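The values are calculated or read from the model by the stated rules, or taken from the named source; none is laboratory data. This structure is a prediction, so every number in the text was calculated from the model and none was measured. Cβ: placed from backbone, ideal geometry, glycine included. Neighbour counts: every protein chain shown.
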Amino acid sequence: MQELLLSLTVFILFHLIPAIGPVRTRLISAVGKPGYIIGYSALSIAVLVWVSLAYGRADSDLVWVQQPWMRWVPIVALYFACVLLVGALTHPNPLSVGVKAAKFEPSQPGVVAITRHPLIWSFILWAGSHIVPNGDSASLVFFGLFLVLGLVGPKSLDIKQRRQLGEEEWLKLSGPTSNIPFLAILQRRTKFDWCNMLMVPGLGGLTLYCILFGAHTLVIGVSPFPQ
């Protein structure tokens, strides 16, 4: 458990670097922006691999006994997580993490109408749904951290993007969106256009979903399906 806690601490500290302006600026000045992006991405992957390995090696105490129905929670939630993930990577979104493109049109926001933070909410669904069937202390620490980071992340991103875009542009672009999924649709600030929102994310998400579940036993070593 100590290695898991250490790796998670390093993970958090490492991801604070972009938020520290002077540090980020000095690093970019030293290696250039392409070098910074490549180096930061490579180190991020390395730290994430370490966290995953530490989680697999961690000593753990049982907090609750898994019931057969609990495995259905991630089985259901992960499809929606995959849809949001594919949507984040295919739909332009100047308001959050994902495809930053000038082609974003507030009248046709795509998956951004569901939530302006689709990538983050895909991780929230992944982490939150995995806590239910994995009732051991290591899993609670591992998935719990990602869940907490996902829940607090949108607020800080909104503040950052609002400052960068300016108040007028922010209000224009964020008008048909919401952080909480489907809130903007329920408040009638945008329409639920299935073809525009979910055609590509829905089909792409289904493909990714099948791949992940097919590889789960091979990669993780545990079947995701109820026994």
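Worth pointing out:
- Scanning region 1-30 for residues that are farther than 26 Å from Ile220 by Cα and surrounded by 14 or more Cβ atoms within 10 Å (Cβ to Cβ) turns up Ile17, Arg24, Leu27, Ile28.
- Selection status of Ser174, closer than 22 Å to Asn93 by Cβ and of a type in the set (Ser, Thr, Tyr): yes
- Any hit, region 134-148, residues being free of Cβ contacts under 8 Å to residues at least 12 places away in the same chain, within 14 Å of the chain's Cα centre (by Cα), farther than 21 Å from Arg57 by Cα and in the same structural domain as Leu198 (by TED's automatic domain parsing): yes
- Residue among Val97, Val73 that alone is assigned by TED's automatic domain parsing to the domain that holds Leu171 and part of a loop (DSSP other than H, G, I, E, B): Val97
- Qualifying position, being of a type in the set (Gly, Ala, Ser) and closer than 21 Å to Leu4 by Cα, among Ala77, Ala42: Ala42
- Test for Leu85: is it within 23 Å of Phe143 (Cα to Cα), at pLDDT below 90 and either among the β-branched types (Val, Ile, Thr) or not in a loop (DSSP other than H, G, I, E, B) (or both): no
- Checked against (1) closer than 30 Å to Gly166 by Cα; (2) touching a residue at least 40 places away in the same chain (Cβ under 8 Å), Ile75 passes all but a single condition, namely (1).
- Under the condition of being surrounded by fewer than 19 Cβ atoms within 10 Å (Cβ to Cβ), without any contact (Cβ under 8 Å) to a residue 60 or more places away in the chain and of a type outside the set (D, E, K, R), the residues counted in region 49-63 number 5.
- Complete set of residues in region 45-67 that are over 19 Å from Gly144 (Cα atoms) and outside the structural domain of Ile131 (by TED's automatic domain parsing): Ile45, Ala46
- Single match in Ile131, Ile180 (criterion: outside the structural domain of Ser7 (by TED's automatic domain parsing) and farther than 21 Å from Ser96 by Cα): Ile131
- Whether a residue is farther than 30 Å from Ile159 by Cβ and of a type in the set (Ser, Thr, Tyr) was assessed, and Ser174 does not pass this test.
- Considering region 165-227, the qualifying helices (runs of 4 or more DSSP H), each wholly inside and each with 1 or more residues that are in contact with a Phe, Trp or Tyr (Cβ under 9 Å, 6 or more places away or on another chain) and within 30 Å of Gln67 (Cα to Cα), run over 194-220.
- Checking every residue in region 111-125 against the condition of being of a type in the set (D, E, K, R) and touching a Leu at 6+ places or on another chain (Cβ under 6 Å) gives at least one match.
- Contacts under 8 angstrom Cβ, first residue in region 206-227 being touching a residue at least 12 places away in the same chain (Cβ under 8 Å), partner assigned to a loop (DSSP other than H, G, I, E, B), 6 or more apart: Phe213/Pro224
- Residues that are in contact with a Lys or Arg (Cβ under 7 Å, 6 or more places away or on another chain) and either surrounded by 15 or more Cβ atoms within 10 Å (Cβ to Cβ) or at pLDDT below 90 (or both) occur at least once in region 125-146.
- If only residues of region 149-196 that are in contact with a Gly (Cβ under 9 Å, 6 or more places away or on another chain) and touching a residue at least 60 places away in the same chain (Cβ under 8 Å) are counted, the one that is surrounded by the most Cβ atoms within 10 Å (Cβ to Cβ) is Ala184.
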